[in-house]
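We did not get these values from a lab; they are worked out from the coordinates using the rules stated. In this text the structure is predicted, and so the values were computed from the model without any measurement. Please note: Cβ atoms are built from the backbone with ideal geometry, for glycine as well, and neighbour counts cover all protein chains shown.
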Amino acid sequence: MEIKIFGNFFKKIFSSLFKNKKEIKLGFYGPPNAGKTSLANKICKDFTGEEMGEVSKIPHETKNVQFKEKVEIKFRGKTLMFKMIDTPGIATKIDYEEFLKYNMKKKDAKERAKKATQGVIESIKWIDDMDVVVVVLDATENPYNQVNITIIGNLVARKIPVLIVGNKIDLKKADIKKIEAAFPEYDVVGISAKEGKNFEEFYESIFKLVKKI
């Protein structure tokens, strides 16, 4: 009995000491070509010196869920440990003809479409494993569409804390106010993953998001 009491006591002490050391599962979700992998690469490069995955102008370049373990983010004297999870772009419809525009052969385009569809299914399956999620949207596109609403709706239903990022603010067509108007109940941060713009606000928002876990 005495051993059990002391065992529980020390268990509480150690769990208290190390609770802030656990990896926070940070997922990147969004439609294809919004810049999820570019953002994940920028974060990984900043804090580990290594990139996470390949990027391409062709949609659905990320075909499988990608992971980066033990990414320690330091910001304004605070440190958090993350497991980064970059997911394939989510789409409600994937047509092989979309890939023919990129000079792909019909056979290759069909294979790409098949893998892209599998990637969407895999992305959705992984939602339940996330602690927090960054939804990456293209700030030059209309944010109020079925894909974005579906992604955010799924996260809300699971009570997963969400930060919305409007990427590509370096482009003239970018309009963060449209994203803010479409999703007024969420924090929205405008960034350029390509040029590294506004990452101070992004990291600050990530640290705030973690507090909601």
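Past 28 Å, Cα to Cα: identify those pairs from K101/K159; K68/K178; K36/K159, in the order given.
Going by Cα-Cα distance, K101/K159; K68/K178 fall outside the 28 Å limit.
Lys/Arg Cβ at +1, Asp/Glu Cβ at -1, dipole of segment 21-210 taken about the Cα centre: which of V210, N145, N198 is farthest positive-ward?
N145
My understanding is that a pair violates if its Cα-Cα distance is over 27 Å; which of K70/K107; K93/K125; K125/K197 do that in this structure?
Exceeds cut-off: K70/K107; K125/K197.
Which value in nm describes the separation of the simple spin-label points at K114 and E51, placed 7 Å from the Cα toward the beta carbon?
Rounded to a tenth, the inter-label distance reads 2.8 nm.
Just to check I understand the Karplus step: with θ = phi - 60° and J = 6.51 cos²θ - 1.76 cosθ + 1.60, what whole-Hz values come out for segment 119-130, glycine and proline as x?
Each residue of segment 119-130 in turn: x, 4, 4, 5, 4, 5, 4, 7, 3, 4, 8, 7 Hz.
Where both residues lie in the chain, what percent of DSSP beta bridges are antiparallel, nearest 5?
If I count the DSSP bridges inside the chain, around 35 percent turn out antiparallel.
Relative contact order of the chain, please, whole-number percent, based on alpha carbon pairs below 8 angstrom and at least 6 residues apart.
Averaging sequence separation for qualifying contacts and normalising by length gives 20 percent for the chain.
Do the alpha carbons of any pairs in K115/K211; K22/K177; K168/K211 sit beyond 30 Å of each other, and which pairs?
K115/K211; K22/K177
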